[in-house]
Structure formats: C-alpha cells, structure tokens
Amino acid sequence: MRPRGQQLERGQLSRGAEAVTPDDVRTIALALPEVTEGDHHGHPAYRLGTSVLATQWTTAQLNVLLDESAARAAEGGPCALLWWGQRLSGIQVDLTEATPELVADLLEEAWARPAPARLRRRHHPEG
C-alpha cells in the first residue's frame, strides 16, 4: 500500500487480467479499521462512522469518494472523474479494468481522510 499522503499517479494504474468483483470490493473495504457496510441510495456502501467512502453502484462500477486532488491524480485507465452536480466528488472505477491493488489503494485513500489519528496510527504503525 501507498504511504499516507502519497498521491496516486497515472502510471500506477494498470489493467487487471480479471474483473474485480463486488465480493472482492467488500473484502478489501471491510479489512480497513472500523469500516462498515450499509445501504446508500439503494446500493451497498462502505462507511467509516457516518462518512461514505465508496458505493458499489453496479457490479462493474465502484464510486469512491475522494477529495479533488486525489480524484484528479487517480483519473485515467479504469478511473473516471465522478461528478455530483457541478462538484467533483471522487472517481468511478470500472471494476472490469481495475486491479485489486488499485481498488485497495483507492479505498484506503478514501478511508484515510475521515479516519481519526488513532486509527491511522494503528493501521500504519510505522508512520
């Protein structure tokens, strides 16, 4: 995994040989400290407390909520910018093209923003 605060670069985005499944996404998301699964507008979603980190919009599309700089850095390959009205709210990940490593990095990026310091320290004790 990428060290906290390090932006994703387009060169790190690679195509997967097989599609990432909703079960893969669930396993990756729920491995993050204190992440829970619930409903968000009729779709499975992953939250840290009340903050939505990602929504499984379809079996092949995962919406990951990121700040603007992280979303723009991740854009390309299987990742497209996600707009909510006129606001850039994250990225849409095409799971047929993404790798599990990419999904894990993006979910960790979404998790790190609302995670309290105690959780970040526990998840990354070296830094």
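The values are calculated or read from the model by the stated rules, or taken from the named source; none is laboratory data. Everything numeric in this text was worked out from a predicted model, so none of it was measured. Please note: Cβ atoms are built from the backbone with ideal geometry, for glycine as well, and neighbour counts cover all protein chains shown.
Identify, from the list 102, 66, 95, the residue that is closer than 18 Å to residue 123 by Cβ and crowded, with 23+ Cβ neighbours inside 10 Å.
Values: 102 fails: closer than 18 Å to residue 123 by Cβ; 95 fails: closer than 18 Å to residue 123 by Cβ.
Step by step, each of 102, 66, 95 is checked, and only 66 is closer than 18 Å to residue 123 by Cβ and crowded, with 23+ Cβ neighbours inside 10 Å.
Within the stretch 49-64, residues that are farther than 13 Å from residue 19 by Cβ have Cβ atoms under 6 Å from residues that are in a strand (DSSP E or B) and of a type in the set (Phe, Trp, Tyr) in these pairs: 53/46; 54/46; 63/57, counting only partners at least 6 apart in sequence or on another chain.
Right, residue 110: touching a residue at least 24 places away in the same chain (Cβ under 8 Å) and farther than 16 Å from residue 19 by Cα or not? It is true that residue 110 is touching a residue at least 24 places away in the same chain (Cβ under 8 Å) and farther than 16 Å from residue 19 by Cα. Just one of (1) at positive phi; (2) out of contact with any strand residue (DSSP E or B) (no Cβ under 9 Å at 6 or more places or on another chain) fails for residue 87. It is (1).
Can residue 120 be described as surrounded by fewer than 18 Cβ atoms within 10 Å (Cβ to Cβ), touching a helix residue (DSSP H, G or I) at 6+ places or on another chain (Cβ under 7 Å) and at pLDDT below 95?
Working: surrounded by fewer than 18 Cβ atoms within 10 Å (Cβ to Cβ): yes; touching a helix residue (DSSP H, G or I) at 6+ places or on another chain (Cβ under 7 Å): yes; at pLDDT below 95: yes.
Criteria met by residue 120.
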